[in-house]
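Structure, as structure tokens:
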Amino acid sequence: MKPLGKRNAGAGAGKMGGMLEQAQKMQQSLMEIQEKLGEELVEGNAGNGAVKVVMTGKHEVKDIKVDPAAVDPDDLEMLEDMLVAAVNNAIEAANQHAAERMNAVTGGMQIPGLDGLF
């Protein structure tokens with residue numbers, strides 16, 4: 001086995017340093033996205049818009065609107081089901097929004113440990 005010359009060793013170290021710098025920039029960008037997701041709003045709805053839920057990209061519910069026509073005192077279970085469906089729809093929209101934002105930084109790479117970040 002031939003020993004590596006100084007030129008080859010330095011090239012490898014420089015390449016590794018560049019990769020580390022790129023990873024740090026990606027991490028910073030992802031942290032910025034995570035912070036912004038707390039301010040960005042998504043909407044979920046159910047019952048053809050009779051129930052609307054607005055939440056942040058970090059799953060914090062900000063607003064719930066219920067069309068008065070959707071309120072039937074004799075069938076509260078239907079309204080409850082629509083609320084659950086609208087919240088779940090909003091969560092799905094928030095997850096998709098977060099994934100799109102992250103993919104813009106990661107180029108679609110699956111990076112271990114980022115699944116629970118958003």
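Side notes on the structure shown:
- Shape class for segment 6-106, computed from the alpha carbon gyration tensor (a ≥ b ≥ c): prolate, with a/c not under 1.5 and a/b above b/c.
- Ordering of 23-35, 42-54, 91-103 by packing is 42-54, 91-103, 23-35, highest average first (other Cβ atoms within 10 Å, averaged per residue).
- The spacing between segment 19-33 and segment 44-79, judged by their C-alpha centroids, is 38 Å.
- Candidate cross-link partners of LYS62 among the aspartates and glutamates, defined by an alpha-carbon separation under 17 Å and a same-chain spacing of 8 or more, comprise GLU35, GLU39, GLU40, GLU43, GLU92.
Each reported figure results from applying straightforward, stated rules to the coordinates on display, with no laboratory input. Here the structure is a predicted model, which is why all the values come from computation and not from measurement. Virtual Cβ from ideal backbone geometry, glycine too; neighbours counted across all protein chains shown.
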